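This report concerns only the one structure given below.
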Amino acid sequence: MIANPCVLVIRRLARDRRGTTLIEFAILLPVLLMLYLGGFQMIDASACKRRVTITARALADLVSQYATISTTEMSGIVNASSQIMAPYDASTAQIRISQVSIDANKNASITWSYAKNMSPFNNGQGVIVPSGLSVANSSIIYSEVTYPYDPVIAWVTGSMSFKQTQFMLPRRSAKITYPSS
């Protein structure tokens, strides 16, 4: 009995195993690339978030060491934060440093505020302070850093924003004097 030529070709292809590895690799390559890029992106985003946290902490720490601070000194401190944010582009970071005064009734309000790439708080504006820091007749330094993070694979995840706030007590005086206060 003579077999149909189409059937012979199909049988021969079914027995041939030479391209199996190549086909398996072609199927797995996109999955492996996505795992690699996803892992890299998670590590990079985590590192960026950590830089934002360190920047907010450093800003509050540096400002809290002054008894009186000038606009030039404040600008220098904020501009120095770009070194902390490196290798990320600090020019897009939104930074705000403020002094919060707490009255005898534990009502917190802004005494002065300095900002870069965002609006400063208005003097007298009310703010919420963590209960552990709300001590009557005191002041605290409040720093806030927001960073718009654009991942390498933004087409998959989209952009995200990291925000960190930090409260710190003044070290050299009960209140820090700033020109706008």
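Straight-line reach from residue 116: which lysines have a Cα under 26 Å away, not including same-chain ones fewer than 8 places off?
In chain and number order, the partners are 49, 163, 175.
Per residue and in cubic angstrom, what volume does the convex hull of the Cα atoms of the range 1-125 have?
Values: hull volume 25.4 nm³, N = 125.
Measuring per residue, one finds 203 Å³ for the Cα hull of the range 1-125.
When Rg is the radius of gyration of the Cα atoms in the range 55-120 and Rh is its Kirkwood radius, what does Rg/Rh come to?
Details: Rg = 13.1 Å, Rh = 12.9 Å.
With Rh from the inverse mean 1/r over Cα pairs, Rg/Rh is 1.02.
Answer with one residue from 31, 155, 65: the one whose Cα lies farthest towards the positive end of the charge dipole of the chain, charges on Cβ with Lys, Arg +1 and Asp, Glu -1.
Of the listed residues, the answer is 31.
Quick one: which residues, 5 or more positions from residue 162 or on another chain, have an amide H under 5 Å from its amide H? H modelled 1.01 Å from N in the peptide plane, none for Pro or chain starts.
Amide H to amide H, under 5 Å and 5 or more residues apart or across chains, residue 162 pairs with 147, 149.
With a 10 Å radius around each residue's Cβ, average the other Cβ atoms per peptide and rank 128-135, 54-61, highest first.
Numbers: 128-135: 11.6, 54-61: 21.2.
With the highest mean Cβ count within 10 Å placed first, the list reads 54-61, 128-135.
Counting only helical runs of four or more DSSP H residues, what would the 222 nm mean residue ellipticity of the chain come to if each run contributes -39,500 (n - 2.57) and the total is spread over all its residues? Walk me through the numbers before you get to the answer.
Values: 4 runs with 75 residues, N = 181.
One gets -14000 deg cm²/dmol as the mean residue ellipticity at 222 nm.
Calculate the dipole size of the chain relative to its Cα centre from +1 charges on Lys and Arg beta carbons and -1 charges on Asp and Glu beta carbons; express the result in debye to the nearest 20.
On the way: 16 positive and 9 negative charges, 116 e Å.
That gives a dipole near 560 debye.
Membrane-span-like helices in the chain: DSSP H runs reaching 15 Å or more (Cα, own axis), mean Kyte hydropathy at least 0.5? Intermediate results must be reported in sequence, preceding the final value.
Numbers: long enough: 5-15 (16 Å, 0.88); 20-64 (66 Å, 1.07); 71-85 (22 Å, 0.27).
Correct list, ordered by number: 5-15, 20-64.
At each listed q (0.12, 0.18, 0.20 Å⁻¹), what is the log10 of I(q)/I(0) that the Debye formula gives for the range 50-181 modelled as equal alpha-carbon point scatterers?
-0.46, -0.94, -1.12
Residue 73 versus residue 33, label points 7 Å from Cα toward the beta carbon: distance in nm?
Label at residue 73, label at residue 33, 5.5 nm between them.
The numbers here are math on the coordinates, done by the rules we state, and not lab data. Keep in mind it's a predicted model, so treat the numbers as computed, not measured. A quick note on method: Cβ atoms are made from the backbone with ideal geometry, for glycine too, and the neighbour counts reach across all protein chains shown.
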